[in-house]
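The values are calculated or read from the model by the stated rules, or taken from the named source; none is laboratory data. What you see is a predicted model, and the numbers here were worked out from it, not measured in a lab. Backbone-built Cβ (ideal geometry, glycine too); neighbour counts: all protein chains shown. When the accessible area is computed, the model is the full protein with side chains, heavy atoms only, and any ligands, DNA or RNA have been set aside. Shrake-Rupley method; radii C 1.70, N 1.55, O 1.52, S 1.80 Å.
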Amino acid sequence: MGSAVQLLKTCHATSKYLKTIVSFGGVTNGQKEEASNHGLSIFSWEEFLITGGEHELDLPEKKISDICTIMYTSGTTGDTKDVKLLVDDIAELRPTIFCAVPRVLDRIYSGLTAKISSGGILKKTLFNLAYKLISEYKLAFHQELDSMRKGIKHEKAAPFFDKLVFSKIWVYGNSFESYLVAVVNPNQQELERWAAQMLKGFEVIKAIHLDPVPFDMERDLITPTYKKKRPQMLKYYQVVGKHDIFKNFQGVIDVLYKSMNKASAASSLPLLPPLSLCLSSEKMKYLVEVEAATETAGPAYRSVLAKGGLLQPHPGLESCWDIFRTAVEKYPNNPMLGRRRVVDGEAGDYTWMTYKEAYDVVMKLAASISKSGVRQGEGCGIYGANCPEWIISMEACNALGVCSVPLYDSLGAGAVEFIVCQAEIQIAFVEEKKVAELLKTCHATSKYLKTIISFGEVTNDHKEEAKKHGISIFSWEEFLIIGGSHDFDLPEKKKSDICTIMYTSGTTGDPKGVMISNESLLVNIVGPDSIVQCVGEVLNENDVYMSYLPLAHVFDRIFEEVFIYHGSKIGFWRGDVRLLVDDIAALSPTVFCAVPRVLDKIYSGLKAKISSGGILKKTLFNFAYKMKLDGMRKGIKHEKAAPFFDKLVFSKVKERLGGKLRAIISGGAPLAVPVEEFLRVVTCAYVLQGYGLTETGGGSIVSIPNDFSMLGTVGPPVPHIDVRLESVPEMGYDALSSIPRGEICMRKCSVLWILQKRGPCAGSYGRWMVSHRWCFCVNLICLAGDIGEWQPNGSLKVIDRKKNIFKLSQGEYVAVENLENIYGILPEIDSIWVYGNSFESSLVAVVNPNQQALEHWAEQNGITRSFTELCRNSRAKEHILAELANFAKEKKLKGFEFIKAIHLDPVPFDMERDLITPTYKKKRPQMLKYYQVRCRTELPSMSSTKASSKISTLQSSQSSSWVPPGLSSCYLNNQYLDDAPHCGCMESH
């Protein structure tokens, strides 16, 4: 009937042709008069039906070629505004097929989601759970959309945005401008999901106008089928709120934002977030180029935070002693060092020593060291597990300018003897249970070593043994009182002074020492502040740090200095990895540094606990996990991705880790992506990976907190390091390609030396012979030995190890560490060592099976044996081998990458057998030597005639081609240094 009225309005022009009008409904008298005025007949539907009466009708012949209808693209359409009535009609009719334009379906969708959102929490949770269970493909769907999004053209992007993000968006651009603008009807509920989505640079919308009124036909902006009328839109939006926003494109962004602000103020609509946050996609946004590419290397980059120059130590900090001294001045009564007292086998709460109390003990210890005749620049060894006495000894060395030389508490007597002699250590602080180990070296070390101080007590046997070699030995308490009233002045210390010599764990031979200056440590200590500040976080006196990684390793040394600088607490573990989680729960750390081996254990433990739960708990956890992961993948920060499930589900995981954890930092080796992803979701904390070398004084490349795009990468360089990639043509890596790949090269502005044996050398420093001085100004580059790949945003991904590959007999190359990382994810195994050589066509492996998983399999298969016996059982080996094969198929590995034979070792790879380093890196030559004899029957390829005859060649090649994780080459003016140190710290491989 409404349409009949519209038609009658056209009769002044259409009556020449139009003679009869039939209404679908009734006809009013007014309509009859209007039709009569134009000579038209008008009937209601019922009236017209009886007009034919008895009229006889012959149906004409019709042809296929006859015109059946004329369809116009513009015209009227039914009113879809009252969707509620439409839904009621659908419910009453129950149609089997329903045709609609997207606008109608959008309205129905919005109504349904609003109804779901207005329901109770139980109804919403049940609905979402059912939806997730039915729609398992949804995550894959989103991943595919992500890849589509990167290549979508702007004129095709509008409907895509329409459905997923905005109610409507009109994107505009022309051939005179290099950027896009848009008019948007915002959907605030979906807007946050796009906060960090990235498009190609030219597809980024640089300015917007918010229109609170949906694009409509009344303003002639869309067709009846809701297609945009682009010329009419341009004409209409040229003037909005008296601002001509497109007439003069120059300055369009300013005008658009003024228009947007006025429109928003008038309509009380909230504004969009800054466009730089919503749609930023600048390439290498975390980096700035500081040096052009060469023929063989890509450009040199540094952190965007160091755009004005590399980070320098804070004013007033000249040495590491100033770190502790200023902390005591600022936070004298803050708890500093804590340990758990064990009484009758039960561990109590942490008891604390304040900064002032620690300072007093440090000064007493410094007085005793000074009275013993040790002078500035001379060497002092510290040997033992982390404890308060370790830190106090270190600070006493810092006070006197004495060079501290840490020893790994797991090093054997041979390595200890080597280090004491090479570093010419005169005095050593030693953990009580390590005193006997050190005394075993006295036949060789007594030439240098004159005083030993135990962290605890000393026995009469210890005193007698020391006396034989002319060495003085004291308990901790005895040595503290030796200084008495000894008067001494703290010497002046310089940034260029050597603060410590960090020895590597010796994966291929004798440990190698890196002489690190005060300056190198200071710049690494202030570096973490710049990283956390970029996400609005700060390190402060309320932070708590768990000390359990070896203080002899630069990774932990740097972080403990960082927390001392901020007046934070440092709590020490009890020295047993089985009790680590209990210590964490008691201490409640806010920051937790770990090597992947520890995080793998935490991951496995949490997964096992989840799997052992009931079906309801597992379903709820999996649902919560997917919901939060889905949000984080879209760019939502972890604390906003699923706050409801953080409290309901993941808070239990957080409580197991103390309840206050806000950052987990992984270094020393690569962290598997599934483990990193899992921890990012369930711990409710930042999870960062770092990469660095002992030579660079600690972490050199660290991921940005709370940025999910950093997953699987080690992030951009820290603000005091320059990084570039060097092409490795023999491995097919080109640093100048569109996806730059090559060997990671780093340089920094501080001074560092490599300790050498006495004899011909490049120079000297005090008592020590040293190699070339490392200076920024002489263009020294440290080649890390790892292959990196720059990501589009400027983060670095470690993808390979230079030459850490071997060739099988058929000519296929195998990247062994990559395979171990892939197979290592399998829940049935704890650790794996993969082996192959050029005389064999297939791979073999030694596996540490997961005890719980293997015993569960045995129980299901009716096998009752001990874990050790199961590892010798042929059926158990077949089971593990089958799991490895299935997993290889699932990961789509190549045929030659499948493992064909295995040996199950019930004892985890350990330092006692010299199979791994203290940071859990595999010692591959030692592993080959150890397992060659024990696996002669199971793995004949290890001890084949050809391989055995070439064992020395193999071991020699492994020192270069099979170089274990962390062994670097150092490069100076195109020359490699033969005695390059082992790269410790936060290495990714």
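Structure summary
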read-out: Length-normalised contact order of the stretch 414-556 in % [C-alpha pairs under 8 Å, at least 6 apart]; value: 16
read-out: Spin-label model distance (nm) - Glu61 vs Glu357, 7 Å beyond Cα toward Cβ; value: 11.4
read-out: Sparsely packed GluC sites (Glu not before Pro) within the stretch 428-497, loop by DSSP, other Cβ within 10 Å at most 14; value: Glu457, Glu492
read-out: Net length gained if the chain between Phe48 and Ile97 were fully extended (0.36 nm per residue, minus Cα distance); value: 14.5 nm
read-out: Computed FRET value (nearest 0.05) for Thr864 with Gln533, which takes r as the C-beta separation and R₀ as 51 Å; value: 0.30
read-out: Charge sum, other residues only, whose C-beta stays under 13 Å from Ser651's C-beta, Lys/Arg counted +1 and Asp/Glu -1; value: +3
read-out: Amide H contacts of Met911 (H built 1.01 Å from N, under 5 Å, at least 5 apart or other chain); value: Ile916
read-out: Percentage relative contact order, the stretch 804-942, counting C-alpha pairs under 8 Å, at least six apart; value: 22
read-out: Whole-number percent relative contact order across the stretch 1-51, with pairs defined as alpha carbons under 8 Å at least 6 apart; value: 39
read-out: Fraction of beta bridges assigned by DSSP in the stretch 662-716 that are antiparallel (%, nearest 5); value: 50
read-out: Percentage, to the nearest whole number, of Cα pairs in the stretch 1-51 over 12 Å apart; value: 58
read-out: Total formal charge among the other residues, if their Cβ is under 10 angstrom from that of Leu796, Lys/Arg +1 and Asp/Glu -1; value: -1
read-out: Within-12-Å neighbourhood charge of Leu661 [Cβ basis; K, R +1; D, E -1]; value: +2
read-out: Residue among Ala13, Ala35, Phe24 farthest towards the positive dipole end of the stretch 1-51, charges placed on Cβ; value: Ala13
read-out: Per residue accessible area in Å² of the stretch 804-942, where ligands, DNA and RNA are left out and the probe is 1.4 Å; value: 46
read-out: For the stretch 342-484, accessible area per residue (1.4 Å probe, heavy atoms of protein chains only), Å²; value: 39
read-out: Potential extension, Val5-Lys607 segment - 0.36 nm per residue separation minus Cα distance; value: 209.7 nm
read-out: Long-range amide H partners of Phe215 with built H, under 5 Å; value: none
read-out: The stretch 804-942, accessible surface, carbon-and-sulfur percent (1.4 angstrom probe); value: 47
read-out: Two-site label geometry, Ala13 and Gln376: point separation in nm, points 7 Å out along Cα→Cβ; value: 9.9
read-out: Peptide ranges 557-567, 16-26, 54-64, 92-102 listed from the most packed, as the mean C-beta count within 10 angstrom indicates; value: 557-567, 16-26, 92-102, 54-64
read-out: Label-point separation in nm, Leu105 to Phe488, each point 7 Å along Cα→Cβ; value: 8.2
read-out: Sites Thr326 and Lys647, calculated FRET efficiency, Cβ-Cβ separation with R0 30 Å, nearest 0.05; value: 0.15
read-out: 23 Å Cα-Cα threshold exceeded, pairs from Lys607/Lys891; Lys115/Lys637; Lys434/Lys512; Lys652/Lys922; Lys628/Lys889; Lys891/Lys923; value: Lys115/Lys637; Lys652/Lys922; Lys628/Lys889; Lys891/Lys923
read-out: Efficiency of FRET between Asp344 and Arg936 - r from beta-carbon atoms, R0 51 angstrom, step 0.05; value: 0.55
read-out: Charge dipole magnitude, Cβ of K and R +1, D and E -1 - the stretch 1-51, Cα centre, debye nearest 20; value: 220
